[in-house]
Each structure stands twice: as structure tokens, then as C-alpha cells.
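Here's the structure, in C-alpha cells; my notes come after.
Bear in mind that the values in this text are calculations on the coordinates, not laboratory data. Please read all numbers here as calculations on a predicted model, not as lab measurements. No Cβ is skipped: glycine too gets one built from the backbone with ideal geometry, and neighbour counts run over all protein chains shown.
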Amino acid sequence: MNWQTVRVIFGNELRMLLCYRRTIIVAIVLPLHIYPLMFFATKTTADRREQSLASTVYEYAITGSQAEQVRELIATGAASTAQKATPNKNEKDSLADFKFREVKVQDPSASLKSAEIHFYLEGVSGEGSRCPS
């Protein structure tokens, strides 16, 4: 392979490429402007989503024959999480930031479909359980 020939062809192609203003704009100038805008928009969107999730209070309902036991388990878990919360403000503890509130509803399934609640828990004994269809 003759390196001088390769160098001459490469120089000629580069010179031809630089002659066209459109090529320079599309290959260099446009990405230098668009990529920072894309990164900024992505960061802004992610920050807004994180703030929205952090401020959401999840509403739930408890139903079933074992509802009181489910409430006790939730209270125990909340107390345990509060004790284990990190005292350092710089460290984020995702469970400590999780906010939820029980809501009394007549029909949890209908309330879930109408977006009145975020989820519901059904506490049933072994005999009262049913197979999902």
C-alpha cells in the first residue's frame, strides 16, 4: 500500500467535504447545538418526574376477612422503616420517603378503575382465597 497515495486521496476528499457548507453544518454545528439541548431536556424531565413521585401520597384500600391483620402488618412495617431511616440528609432512603394513606371505599375494584385509589390489598384466609382468573 502506498501511503503517499492514501494521503493525497484523503486530503482531496477532506478538501471537497469542507467545500460544502451544508455538510459542515449537519456534521458539526447542528450536533453541537442539539445534543446539549437534548441532555438539558432529559434532565429537566427526569427531575420533574422525580419531584412528582416524591410528592405523591399513594391512597389504598384494605378489604377482606383478614383486613385487621393486614393493617397491623402495615403499621409494623411503617414503624420499622421509620426506625431504620438514615439520619444523614444526603443519603436518600426511598422507603422513608414513601407516603401512603388508607382510604375507606365501598368497592375497591371500582375505585381502582376510576383512579380514586392507587391500589388495594385483600386480606383473606387460606380457606377464603380464590384462584385468579
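Taking the criterion of being assigned to a loop (DSSP other than H, G, I, E, B) and surrounded by 10 or more Cβ atoms within 10 Å (Cβ to Cβ), the only residue of the stretch 1-38 that qualifies is Tyr20.
Of Arg71, Arg48, all but one fail to be out of contact with any Asp or Glu (no Cβ under 8 Å at 6 or more places or on another chain) and on the phi < 0 side of the Ramachandran plot; the exception is Arg48. Under the condition of being assigned to a helix (DSSP H, G or I) and loosely packed, with under 10 Cβ neighbours inside 10 Å, the residues counted in the stretch 39-71 number 2. Only residues that are within 25 Å of the chain's Cα centre (by Cα) and surrounded by 12 or more Cβ atoms within 10 Å (Cβ to Cβ) were counted in the stretch 72-81, giving 3.
There is at least one residue in the stretch 40-60 that is of a type outside the set (Val, Ile, Thr), within 30 Å of Ala110 (Cβ to Cβ) and touching a residue at least 60 places away in the same chain (Cβ under 8 Å).
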